[in-house]
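The next block holds one structure in the form of structure tokens; read it before the comments.
Derivation of every value follows stated rules applied to the coordinates shown; laboratory data play no part. Nothing here was measured: the structure is a model prediction, and the numbers come from that model. Cβ atoms come from the backbone with ideal geometry, glycine included; neighbour counts cover every protein chain shown.
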Amino acid sequence: MTPKLHYTVPGMSDADAERVVELLQERLHAANDLHLTLKHVHWNVVGPHFISVHEMIDPQVDAVRGFADDLAERMATLGGSPQGTPGSIVAARTWDEYSIGRATTQEHLGALDLVYQGVITSYRDGIKVLGELDPVTEDMFIGQTEQLELFHWFIRAHLEDKGGRLSTEGAGSEQAAAAAAGQG
Ligand SMILES: [Fe+2]
């Protein structure tokens, strides 16, 4: 739970600030989970395309760690207290732990397609709400979403055939997406 704020930025009601802090906390958990998951993929990919995927992932880790820092510091700016411990992520998250261990680059990229779909959808849901509450935080969410959508394309470009069709099309789980991408 978000503790009650004792101050916030000028011109914003306490109730609005508390809601914005909650939205920031959700994105902070998502960003912390994502950069750890991306490192896990960086370490566990195997196969003939190892080096290109291994090296593609690290700039994404660095960017998403930067997003987490910006989200947490925005929370503090608004008078909130960012929760960044591993236990707090696990307790609060509404998604399942990343489910793929050592696997081929295509299998991991297939699973990451679904991971990015979930993260980006939640960012866009947050943007819709923030348009009314706080355009400053909305601007941060929009900037991060733009980068995440670019990274998602980097993933999808490995899953796409020359007709533009994704090997993961219609996959409803990481396991199904990994299996479909592994055959593609
Ligand atoms: Fe490394």
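How many angstrom lie between the C-alpha centres of region 24-54 and region 139-184?
If you average the Cα positions of each part, the centres end up 14 Å apart.
For the chain, set up a Gaussian network in which alpha carbons nearer than 10 Å are linked by springs, and say which option among Glu138, Glu18, Glu55 fluctuates the most.
Of Glu138, Glu18, Glu55, the most mobile in the Gaussian network model is Glu55.
Net charge within 14 Å of Val45 by Cβ-Cβ distance, Lys/Arg positive one each and Asp/Glu negative one each, not counting Val45 itself?
-1
Check every DSSP H run in the chain and write down those whose alpha carbon atoms cover 15 angstrom or more along the long axis and whose mean Kyte-Doolittle hydropathy is -0.5 or greater.
Once both thresholds are applied, what remains is 50-77, 105-133, 135-157.
Could you give the size of the charge dipole of the chain about its Cα centre, using +1 on the Cβ of each K and R and -1 on the Cβ of each D and E, expressed in debye and rounded to the nearest 20?
For the chain, the charge dipole is close to 360 debye.
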